[in-house]
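Written below as structure tokens is the structure these notes are about.
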Amino acid sequence: MRSRFGAVLALSWMFSGGAATAFAAEAVLNGGSVLDEVNVFVGSDNNGNTTPGAQTPFGFVSFGPDTVSGSTNGYDSKSPAVGFSLTHVSGTGGNSKYGNFRITPSVGPVDPRNLVFARHNEAGSPGFYRTDLAAGAGQSITVELAASRMAGIAQITFPRRADANLILDATSAVQLMGSGPRATSAETWFIDERTFAGRASFTGGWNEAPLTLYFHAVLDRSPTAYGTWSATRGSLALQTGGAAISGGDQTKDHSNRLGAYAVFDARENPRVRMRIAVSFTSVEQARANLESEIPNFELAAIQGRAAEAWGEALGKIKVEGGSTDERRSFYSGLYRSHVMPHDVTGENAGWSGPGPHYEDYYTLWDTFRTLHPLLTVIQPKRQRDMINSLLETYRRTGWLPDARIAGANGMTQGGSNSDVLIADAVVKQLGGFDAKLAFQAIRKNGEVESDDQIAQGRALKDYLSLGYMSQTQTRSASRTLEYAYDDFAIAQVAQALGQKADAARYLKRSQNWTNLWDEELKCIRPRYADGAWMANFSCDHLYPDNTSAWWDAPFYEGSSAQYSTYVPHDVEGLIGKLGGEAGFVSWLDRLFDSGGYEQGNEPDFLAPYLYIHAGRPDRAAERVRHILKEEYSPTHGGLPGNDDAGAMSSWYVWSAIGLFPNAGQPFYYIGSPIFERAVISLENGRTFTVSAKGAGEAIHVVGARLNGKPIDRAWITHQELAAGGVLELTMAQEPGVWARRFSAPPNPFRPRP
């Protein structure tokens, strides 16, 4: 869509009359900045479900477009726009969430009932979005947006008309054909002719718990008319002046809406600017957020601060070499790895407290494998804050969540994956949190039957008595595998804290995956409580199918063949079940060659790297390079599936630099880097460099030196990475004999049988 992003933006802004904005942006974006490489639209189509809205790293406000055919993110590249809302999730599946306080510019009579506009000249960069809306008779409305953590600023350039409108919908949400949130009540009012505020409460959508958000907005000029409105599908009532309006209950009628409007005479001055902030706690807090984050109407300054924050975040990894598309895919992926969860520190609706607070873990089942290990390396303070936020949730609610959305624990898709998150931090010695409290929290996951299996904890009755989850429980086979690895995570934390008895017990429990292994079929097979196997079973059958509800299948979103690769703690045991290394390689080959591997979902994310355990780093390189080339591109449809809050993107980031985590354990596989050099910035001023001269056409690592010393292993420890240094890889087009014998990475936290 563009050759040089900064130049394209500058031209489009100057065309729309925004020369001052363009000049400020050029100063930030040009000159080789990593921001030049980011395409904020990557993954917005083809079910990637990302959003191109203006946002800061981990900021709650994502100020961007909503469209007629948008998915959970509210956006697609082709259908007409309906407006621009302050809040979005990015790269998620399931039902939609957010899409709050949508603003829409229009011309003509004020009518919020059918605001639909074709758009063109759409562009964006980290922290900024702009587009032109068709306004009839060859006229356009230019919309430019920038954001801070809890606030946004809009600059609207209207045609030179006397009837230019700005309409806010207080009841808006990303509807997703009725599966999104529904307003239960709302109200809005004008404080003076330039200032208005309100709130809205919702239920439903992904994680149906009630949600209330507040806003405070300020205009940069006085309107010629202003007021509030209420509407249904067939009715409209406009109320002039500042009196409050309330209502908006959509539980019976989705079309029941209300909001505010302002009319401007744009004949002499076509530009209108608006600052708006949100809060989970009160209108007063929204006002405070606005004054502290966006105190004036200088959009260029807000955009510049956002660009600076993004430049710092994306500069944590600097790459050299690779193709133009590969660099753009890489930095676009690194960008999306900094979008969720959202930092809402000071905005916790459930309780007050001084500590960090994050919402929209959407979900750990998706992100524990790639995203959080990446943050541990390049954003360790953020990762500590996220863990502390989860631990505070445990203190307040009694459980560590697997998902937490908008102030409530959400759907648990598989295991209690916070266990892996805690173990990853402990074995990598991240520090900065109460490890004893963390152990207490994850031990509860392993000992106490959940009081709400969908929202938190585990279903333990069968698992503890039988050694597996039986078919009396939904997702029985996939949850058995996940519980087994969660148990291994708990064992490692117990070992680190000197709790040897617990460590031994949970290590033994981590072998429960073997209780569902079918020696004849060579895969995980569901069983009944009496020990009988599920009849007429195929390892390759993909769940869910049309015979049951989404959550009722024995495997959650996958096949047994995919899930059978998920034994991250006992790959050697899996190799033994398959008759040795040669049998294991053939088994993996069948998964990939039959099309059974699915990059668009997480359960077999680790599978390409498992070849390394069988002494075949060459096969790992071939599989990884194929996925990088065929499944990713720097385009609107350039992701293999839902980005899953950065999980898919983080897989690319890791694999592109030639390393990959086994989440919850203190080592990284050496894969096949596509860049000749990647420099990772670590804490305390250290750097770790992966040097791979000739990477590109040469996909095979045939030799390695760590800080000048030869190593014959396709892994490094976290301690080696965190200490800083240089990993120098010798690349070749044909495989060699390097790392043909696998030796397990040392793990001082791993209990011994």
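The values are calculated or read from the model by the stated rules, or taken from the named source; none is laboratory data. All figures in this text were calculated on a predicted structure; none of them were measured in a lab. Here Cβ is always computed from backbone atoms with ideal geometry, including for glycine, and neighbour counts include all displayed protein chains.
Take R287 and tell me if it is in a strand (DSSP E or B), surrounded by fewer than 21 Cβ atoms within 10 Å (Cβ to Cβ), in contact (Cβ under 8 Å) with a residue 40 or more places away in the chain and not aliphatic (A, V, I, L, M). Criteria not met by R287.
For segment 459-516, give me each residue that is among the polar types (S, T, N, Q) and in a helix (DSSP H, G or I). Full working, then the answer.
The first filter runs over segment 459-516 and keeps only residues among the polar types (S, T, N, Q), leaving 465, 470-474, 476, 478, 480, 492, 495, 499, 510-512, 514-515.
Across segment 459-516, the qualifying residues are S465, S476, S478, T480, Q492, Q495, S510, Q511, N512, T514, N515.
Under the condition of being in a strand (DSSP E or B) and among the small types (G, A, S), the residues counted in segment 263-283 number 2.
So, in segment 707-728, exactly how many residues are within 21 Å of K316 (Cα to Cα), hydrophobic (A, V, I, L, M, F, W, C) and surrounded by 15 or more Cβ atoms within 10 Å (Cβ to Cβ)? Residues meeting the conditions: 5.
Within segment 326-334, is even one residue of a type in the set (A, V, I, L, M) and either at pLDDT 95 or above or buried (at least 22 other Cβ atoms within 10 Å of the Cβ) (or both)? Before the answer, list the steps.
Applying the first criterion (of a type in the set (A, V, I, L, M)) to segment 326-334 yields 334.
Next cut, either at pLDDT 95 or above or buried (at least 22 other Cβ atoms within 10 Å of the Cβ) (or both) only: 334.
Checking segment 326-334: at least one residue is of a type in the set (A, V, I, L, M) and either at pLDDT 95 or above or buried (at least 22 other Cβ atoms within 10 Å of the Cβ) (or both).
I'd like to verify a number: residues in segment 52-62 that are in a loop (DSSP other than H, G, I, E, B) and under 18 Å from L314 (Cα atoms), how many? Don't jump to the end; show me each part of the working.
If we filter segment 52-62 for residues that are in a loop (DSSP other than H, G, I, E, B), which is where we start, we get 52-53, 55-60.
Then drop every residue that is not under 18 Å from L314 (Cα atoms), which leaves 52-53, 55-59.
Count: 7.
Reported count of residues in segment 614-624, each being surrounded by fewer than 21 Cβ atoms within 10 Å (Cβ to Cβ) and either polar (S, T, N, Q) or on the phi < 0 side of the Ramachandran plot (or both), is 2.
Yes or no: segment 152-164 includes at least one residue that is under 33 Å from the mean Cα position of the chain (by Cα) and within 22 Å of N49 (Cα to Cα). I'd like the intermediate steps shown before the answer.
We begin by selecting, within segment 152-164, every residue under 33 Å from the mean Cα position of the chain (by Cα); these are 152-157.
Add one more test, that the residue is within 22 Å of N49 (Cα to Cα), and what stays is 152.
Yes, segment 152-164 has at least one match.
Would it be correct to say that P673 is more than 17 Å from the chain's Cα centre (by Cα), of a type outside the set (A, V, I, L, M, F, W, C), in a loop (DSSP other than H, G, I, E, B) and surrounded by 24 or more Cβ atoms within 10 Å (Cβ to Cβ)? So P673 fits the description; yes.
Screening T51 with (1) touching a residue at least 60 places away in the same chain (Cβ under 8 Å); (2) crowded, with 22+ Cβ neighbours inside 10 Å gives one miss only, at (1).
Just to be sure before I move on: is G432 in contact (Cβ under 8 Å) with a residue 24 or more places away in the chain and over 20 Å from L682 (Cβ atoms) in the structure I sent? Answer is no for this residue.
Set side by side, the residues K428, K436, K444 differ, and just one is of a type in the set (K, R) and in contact with a helix residue (DSSP H, G or I) (Cβ under 7 Å, 6 or more places away or on another chain), which is K428. Do we have any residue at all in segment 105-116 that's crowded, with 23+ Cβ neighbours inside 10 Å and among the aliphatic types (A, V, I, L, M)? No, there is no match, as no residue in segment 105-116 is crowded, with 23+ Cβ neighbours inside 10 Å and among the aliphatic types (A, V, I, L, M).
Matching residues to (1) in the same structural domain as N289 (by TED's automatic domain parsing); (2) farther than 30 Å from G322 by Cβ; (3) assigned to a loop (DSSP other than H, G, I, E, B):
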{"position": "V42", "(1), (2), (3)": "yes, no, yes"}
{"position": "G64", "(1), (2), (3)": "yes, no, no"}
{"position": "G83", "(1), (2), (3)": "yes, yes, no"}
{"position": "L86", "(1), (2), (3)": "yes, yes, no"}
{"position": "T104", "(1), (2), (3)": "yes, yes, no"}
{"position": "V110", "(1), (2), (3)": "yes, yes, yes"}
{"position": "T131", "(1), (2), (3)": "yes, yes, no"}
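Is it true that some residue in segment 626-641 is modelled with pLDDT under 95 and either of a type outside the set (A, V, I, L, M, F, W, C) or surrounded by fewer than 24 Cβ atoms within 10 Å (Cβ to Cβ) (or both)? Within segment 626-641, one or more residues are modelled with pLDDT under 95 and either of a type outside the set (A, V, I, L, M, F, W, C) or surrounded by fewer than 24 Cβ atoms within 10 Å (Cβ to Cβ) (or both). Scan segment 732-748 for residues that are in contact (Cβ under 8 Å) with a residue 40 or more places away in the chain and either outside any loop (DSSP other than H, G, I, E, B) or more than 29 Å from G573 (Cα to Cα) (or both) and the total you get is 0. Suppose the filter is closer than 30 Å to Q473 by Cβ and assigned to a helix (DSSP H, G or I); does M411 pass it? No: the conditions fail for M411. Elements of the type helices (runs of 4 or more DSSP H) sitting completely within segment 575-661 and holding at least 3 residues that are touching a residue at least 60 places away in the same chain (Cβ under 8 Å): these cover 617-631, 647-657.
If you check G467 against the conditions, is it within 23 Å of H569 (Cα to Cα), in contact with a strand residue (DSSP E or B) (Cβ under 9 Å, 6 or more places away or on another chain) and not aliphatic (A, V, I, L, M)? Show your work before the answer.
Values: within 23 Å of H569 (Cα to Cα): yes; in contact with a strand residue (DSSP E or B) (Cβ under 9 Å, 6 or more places away or on another chain): no; not aliphatic (A, V, I, L, M): yes.
No; evaluated as a whole, the condition is false for this residue.
Candidates D163, D169: the one that is touching a residue at least 60 places away in the same chain (Cβ under 8 Å) and surrounded by fewer than 22 Cβ atoms within 10 Å (Cβ to Cβ) is D163.
In segment 712-726, the residues that are closer than 23 Å to H700 by Cβ form Cβ pairs under 8 Å with partners that are of a type in the set (G, A, S) and assigned to a helix (DSSP H, G or I), at six or more places apart or across chains, as follows: A714/A620.
For S465, the conditions (1) within 21 Å of A529 (Cβ to Cβ); (2) buried (at least 18 other Cβ atoms within 10 Å of the Cβ) all hold with the exception of (2). For segment 545-558, the count of residues that are modelled with pLDDT of 95 or more and either over 31 Å from the mean Cα position of the chain (by Cα) or not in a loop (DSSP other than H, G, I, E, B) (or both) is at least one.
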